[in-house]
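First the structure, in the form of structure tokens, and then the observations on it.
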Amino acid sequence: MTTTVAAGTAIGVDVEERTETAEQSSTAVLVAPDIPWNLVVWNDPVNLMSYVSFVFQSYFGYPEAKANKLMLEVHRKGRSIVAHGAKEQVEQHAVAMHGYGLWATVEKASSAGTGKGGARG
Amino acid sequence: MAKAFKYGLKGITGYLEPAERELLRGLIDDVVSMLEPREAADQDPLAALVGLDLDVQAPTDRALLRLLPNVMKDDDAGSLEFRQLTERSLRESKIGALRAAAMGLDRKELTLTQDEARLWSMALNDIRLVLAERLDIRDEADADHVHAMQDWSQAEDVESYLALVYNFTTWLQESLVQSMVAAMDRRS
């Protein structure tokens, strides 16, 4: 079901070279993958409520009740955090959502504003 | 007249008149041609092979931007960098779903497996997103206004025709999603 995107894996990044200098490895610490990111889905007047709920169920494997709750949050509050995790993981989810035609963005968990869904991805 | 998709013993089935199939083929072709990546002569073949597009920019066409949105709300540079890595494969997967739906339209019987139904629902959704941009649907009130157009005798100009086509594809997608949900419930 998922759209796998091999971002960064297929372009032959030289790992050894990247970790050679202290300056660059400190950058690597800053972008450590365990800093949580949120996947936000935004409301739009086109996507069917049934379809959005279906995507949450079939892509994330959420039970129907949870998928409906998140879908209604998108619909009523304008946005909902539907998953969170490492940056690369939520980016992969975002591409999958774009594949389905849902309007999704990623954001750092700390910068989360309103509409917190509390969904565990 | 078309019949709504339903889930039954044969799986997910629907019925479309030849003219309705022709209409959907035309819409699919339109969206596919929007999504087909331009082939630059000086393009790096290796980059293209792995799905990289370092010359890519955020689309200026609103409909195309809706199909290929920015991944970050307030970070254009970050979104562009992500777009370079992912946009090409996203375009290709969308085209794949649209082509799968077009192939289904060539079959006599409209019987879909669950995976085909998923590709159809994605294709119909992208068609509706493009039509909605052309119809300038910006909020729920606009959507309700367009939704009120149900009578084909009202098709007097391009906009009313597009509204009717939009409503037809909405109805078709809704019945398809209901069938997919029924199929999913049966399976679990």
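The values are calculated or read from the model by the stated rules, or taken from the named source; none is laboratory data. Just so you know, these numbers come straight off a predicted model, no measurement behind them. Quick reminder, even Gly has a Cβ in these numbers, built from the backbone with ideal geometry, and neighbours come from all protein chains shown. The accessibility values were calculated without ligands, DNA or RNA, using every heavy atom of the protein model including side chains. Shrake-Rupley method; radii C 1.70, N 1.55, O 1.52, S 1.80 Å.
Between B:Glu17 and B:Ser160, the contour length at 0.36 nm per residue exceeds the Cα-Cα span by 49.4 nm. Per residue, the accessible area of chain B comes to 53 Å², computed with a 1.4 Å probe over protein heavy atoms only. Using R0 = 25 Å, the C-beta based FRET efficiency linking B:Leu9 and A:Leu72 works out to 0.15. At a 1.4 Å probe, what is the % contribution of carbon and sulfur to the accessible area of the stretch A:33-111? The C+S portion of the solvent-accessible surface of the stretch A:33-111 is 56 percent. Shielding value for A:48-60 is 5, the average number of Cβ atoms from other chains within 10 Å of each residue's Cβ. In a DSSP loop and with at most 13 other Cβ atoms within 10 Å, the GluC sites (Glu not before Pro) in the stretch B:138-188 are B:Glu156. Checking the cross-link pairs B:Lys6/B:Lys94; A:Lys77/B:Lys3; A:Lys66/B:Lys108; B:Lys6/B:Lys73; A:Lys66/B:Lys3 against a 27 Å limit on the alpha carbon distance flags A:Lys77/B:Lys3; A:Lys66/B:Lys108; B:Lys6/B:Lys73; A:Lys66/B:Lys3 as lying beyond it. For the peptides B:110-117, B:8-15, the ranking by packing is B:110-117, B:8-15, with the highest mean count of neighbouring Cβ atoms within 10 Å listed first. For the pair A and B, the buried accessible area comes to roughly 3000 Å² in total, with a 1.4 Å probe and the value rounded to the nearest 100. If the chain linking B:Arg186 and B:Lys108 were pulled fully straight, counting 0.36 nm for each residue of separation and taking away their Cα-Cα distance, it would gain 25.5 nm. For the stretch B:12-37 versus the stretch A:38-90, the spacing of their alpha-carbon centroids is 27 Å.
Shown here for the stretch B:1-97: GluC sites (Glu not before Pro) in loop regions (DSSP other than H, G, I, E, B) with at most 15 other Cβ atoms within 10 Å, namely B:Glu39. Residue ranking by accessible heavy-atom surface, 1.4 Å probe, largest first, among B:Met1, A:Met71 comes out as B:Met1, A:Met71.
For B:Arg91, B:Arg38, the ranking by accessible surface with the largest value first comes to B:Arg38, B:Arg91, using a 1.4 Å probe. Mean per-residue shielding of peptide B:169-181 is 3, counting Cβ atoms of other chains within 10 Å of each Cβ. Computed per residue of chain B from DSSP H runs no shorter than four, each worth -39500 (n - 2.57), the mean residue ellipticity at 222 nm is -21000 deg cm²/dmol. Shielding by partners for peptide A:92-104, expressed as the average number of C-beta atoms from other protein chains within 10 Å of each residue's C-beta, is 5.
Accessible surface area normalised per residue over the stretch A:33-111 is 37 Å², counting heavy atoms of protein chains with a 1.4 Å rolling probe.
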